[in-house]
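The values are calculated or read from the model by the stated rules, or taken from the named source; none is laboratory data. All figures in this text were calculated on a predicted structure; none of them were measured in a lab. Note: ideal-geometry Cβ built from the backbone for every residue, glycine included; neighbour counts use all protein chains shown. For accessibility, only protein heavy atoms count, side chains too; no ligands or nucleic acids. Shrake-Rupley method; radii C 1.70, N 1.55, O 1.52, S 1.80 Å.
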Amino acid sequence: QVQLVESGGGLVQPGGSLRLSCAASGTIFSGNAMGWYRQAPGKLRRMVASITTDGATEYADSVKGRFTISRDNAKNTVYLQMNSLKPEDTAVYYCNVDPPRGHYWGQGTQVTVST
């Protein structure tokens, strides 16, 4: 059974940092690009960052220069380092393969940026 488990979210003040982790079961990581996605209240889920199997990365314009995606294939884990957080980064963050598959979505992890 394929499972993705996100962790590391929380409440942080503007300008702060968080590091999200996504642990995968099964063989999902091997041969697949991975992505982080987020969904804010009342908005569609959108990709934030993606990383290929050989480490090439892409970012949404809104997070370029602030977020960094990385992966550890030996641990079947993908990370999202988020710096200089803004209130508009508040959302539930999910990981999935890129492009995403519906049955892979996990529970996500809530990130709230607020004073």
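The table for this structure:
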quantity: Additional length obtainable on full extension of the chain from R66 to S7, 0.36 nm per residue less Cα span; calculated: 19.3 nm
quantity: Over the chain, relative contact order from alpha-carbon pairs under 8 Å, at least 6 apart, %; calculated: 37 percent
quantity: With every protein chain in place, the chain: carbon and sulfur % of accessible area (1.4 Å); calculated: 47 percent
quantity: Volume per residue of the C-alpha convex hull in the range 29-92, rounded to whole Å³; calculated: 84 Å³
quantity: Per-residue ³J(HN,Hα) for the range 49-59, Karplus 6.51 cos²θ - 1.76 cosθ + 1.60, θ = phi - 60°, Hz, x for Gly and Pro; calculated: 7, 9, 9, 7, 5, 9, x, 6, 10, 9, 9
quantity: Ranked packing of 89-96, 75-82, 58-65, most packed first, by mean Cβ within 10 Å; calculated: 89-96, 75-82, 58-65
quantity: Accessible surface, the chain, averaged per residue in Å² (probe 1.4 Å); calculated: 53 Å²
quantity: Simple spin-label estimate for R101 and E58 in nanometres, 7 Å along Cα-Cβ; calculated: 1.9 nm
quantity: Set of lysines with alpha-carbon distance to K64 below 18 Å, sequence-local pairs under 8 removed; calculated: K86
quantity: Centroid-to-centroid separation of the range 101-115 and the range 1-72 [C-alpha atoms, Å]; calculated: 9 Å
